[in-house]
Amino acid sequence: TTYNVGYIIGSLAKGSINRKLAKALVKLAPEKLQFHEIGFSELPLYSYDYDADYPAVANDFKAAIKRSDAILIVTPEYNRSMPGGLKNAIDWASRPYGSNAFKNKPTAVIGASIGAIGTALAQQALRPVLGFLQAPQMNAPEGYIQLTPGLIDDDGNVTVASTEQFLRDYMEAFHQHMARVLTVLPRDA
Ligand code: FNR
């Protein structure tokens with residue numbers, strides 16, 4: 001089976017190191033996984049005032065998540081949590097009540113930081129959110145990546161062999177996670 005994986009990058013920065021990490025992960029992933037980016041930069045700030053008449057951009061965002069077999073979130077840590085833009089996007093995806101796009105969606109979270117903590121706290125902040133949304137998340141392995149200069153080159157190649165192997169194993173584990181989840185909770189495209 002081939003799986004369609006949507007990935008969401010938590011950063012809006014042009015030079016995002018998490019975009020770099022995502023590029024490397026796509027390259028190292030098992031062949032059976034196909035990837036497409038799901039962006040959120042066009043979403044306004046969420047309010048439930050929108051629930052009665054959801055904007056097209058938000059419906060499109062939700063549809064892209066629903067169409068995906070699994071979702072990979074690659075996020076930076078901002079001020080010891082997830083970036084506001086990412087949380088806003090997840091709030092959009094979760095509503096209107098009863099139409100949560102993350103429900104039963106296999107997910108995994110990984111991230112890159114310039115610091116040694118490697119987005120650990122951002123990822124820990126994200127876990128209860130995905131839990132509340134009933135998204136079966138991969139608990140382990142965890143991927144806390146300190147993106148030192150040169151670790152990933154402009155073509156998305158990882159220059160340190162042990163890190164490259166770690167990321168390859170991470171994507172293999174994610175593949176197994178989604179296969180397991182989708183066996184019992186098939187996607188309702
Ligand atoms: C940061 N950074 C950061 N790093 C970290 O490890 N823990 C943190 O809490 C924070 N906090 C933080 C807040 C804000 C507002 C910014 C802009 C940055 C540094 C962060 O790791 C660095 O900017 C990365 O480049 C962010 O990833 P992207 O956006 O380049 O993908």
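What follows draws every value from the coordinates through simple rules; no lab data is involved. Computed from a prediction, not measured in an experiment: that's the story for all the values here. Neighbour counts run over all protein chains shown; Cβ positions are idealised from the backbone, glycine included.
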| task | Only residues in the stretch 107-118 that are under 17 Å from MET138 (Cα atoms) and in a strand (DSSP E or B) count as the first member; pair them with residues that are more than 6 Å from the ligand (Cβ to nearest atom) and small (Gly, Ala, Ser), Cβ under 6 angstrom, at least 6 apart or cross-chain, and list the lot. | result | THR107/ALA135; ILE110/GLY143; GLY111/ALA122
| task | Search the stretch 7-25 for residues that are farther than 15 Å from GLN123 by Cβ and touching a residue at least 24 places away in the same chain (Cβ under 8 Å) and pair each with any residue that is of a type outside the set (A, V, I, L, M, F, W, C) and assigned to a helix (DSSP H, G or I) when their beta-carbon atoms are under 6 Å apart and the residues are at least 6 apart or on different chains. | result | LEU12/GLY85
| Taking the stretch 143-159 only, how many residues are within 15 Å of the ligand (Cβ to nearest atom) and either part of a loop (DSSP other than H, G, I, E, B) or closer than 30 Å to ASN100 by Cα (or both)? | 10
| request: Give the stretch 43-95 a look and list any residue that's free of Cβ contacts under 8 Å to residues at least 12 places away in the same chain and on the phi > 0 side of the Ramachandran plot, or say none. | output: ASN79
| task | Return only the number of the condition from (1) loosely packed, with under 14 Cβ neighbours inside 10 Å; (2) basic (Lys, Arg); (3) more than 13 Å from the ligand (Cβ to nearest atom) that ARG80 does not satisfy. | result | (3)
| task | Could you check, for the stretch 59-66, whether at least one of its residues is assigned to a strand (DSSP E or B), in contact with a strand residue (DSSP E or B) (Cβ under 7 Å, 6 or more places away or on another chain) and of a type outside the set (Ser, Thr, Tyr)? | result | no
| said: Quick test for you: out of VAL181, VAL158, VAL109, pick the one residue that is out of contact with any helix residue (DSSP H, G or I) (no Cβ under 9 Å at 6 or more places or on another chain), buried (at least 20 other Cβ atoms within 10 Å of the Cβ) and not aromatic (Phe, Trp, Tyr). | reply: VAL181
| message | Take the residues in the stretch 2-43 that are in contact with a Lys or Arg (Cβ under 7 Å, 6 or more places away or on another chain) and among the β-branched types (Val, Ile, Thr); name whichever of them is surrounded by the fewest Cβ atoms within 10 Å (Cβ to Cβ). | response | THR2
| When you look at VAL129, is it of a type in the set (A, V, I, L, M), farther than 17 Å from THR2 by Cα and more than 18 Å from the chain's Cα centre (by Cα), yes or no? | no
| Subset of the stretch 143-189 [within 19 Å of ILE114 (Cβ to Cβ), aliphatic (A, V, I, L, M) and within 20 Å of the chain's Cα centre (by Cα)] | ILE145, LEU147, ILE152, VAL158, LEU167
| note | Of the residues in the stretch 104-136, those that are within 15 Å of MET82 (Cβ to Cβ) and more than 16 Å from the ligand (Cβ to nearest atom) come to THR107, ALA108, ARG127, PRO128, VAL129, LEU130, GLY131, PHE132, LEU133, ALA135
